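Right, one structure below, let's go through it.
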Amino acid sequence: MEFTDFKTSLTLEVPPSALDHALSALWWDAKGDWNKAHQCAQADEGADGAWVHAYLHRREGDLGNAGYWYRRARKNVAEGQLSDEWEAIARALLART
């Protein structure tokens, strides 16, 4: 799936079935449902899930917890705009699918 298709899918009521847990988490986050996003991120026990999990806790303002998840994902702690981080993660994950 291309990034533009992913963004367009945000008009739907549920995420496309082809999305993995990490991408579904980003999808739900973009729809404003942090709890569903968090559940999806937790369902992915790998590095991708940890990266999204870190982003979600950063969004939440829980920087200590976010730092733990960034370390688990082996990523540097993000410091820029949340929207830029969301897009960077989405693009990176989509590039692998």
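Derivation of every value follows stated rules applied to the coordinates shown; laboratory data play no part. Note that the structure is a prediction, hence the values are computed from the model and not measured. Note that each Cβ is placed from the backbone with ideal geometry, even for glycine, and that neighbours are counted across all protein chains shown.
Residues of the stretch 7-27 being closer than 21 Å to Gln81 by Cα and surrounded by fewer than 22 Cβ atoms within 10 Å (Cβ to Cβ), which ones?
Narrowing the stretch 7-27 to residues closer than 21 Å to Gln81 by Cα: 7, 10, 22-27.
Scanning the stretch 7-27 gives Lys7, Leu10.
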How many residues are over 22 Å from Tyr70 (Cβ atoms) and under 8 Å from the mean Cα position of the chain (by Cα) if we restrict to the stretch 1-59? 0
With the requirement that a residue be surrounded by fewer than 21 Cβ atoms within 10 Å (Cβ to Cβ) and either of a type in the set (Val, Ile, Thr) or farther than 18 Å from Lys75 by Cα (or both), what does the stretch 29-58 give you? Ala30, Lys31, Gly32, Asp33, Trp34, Asn35, Lys36, His38, Gln39, Ala43
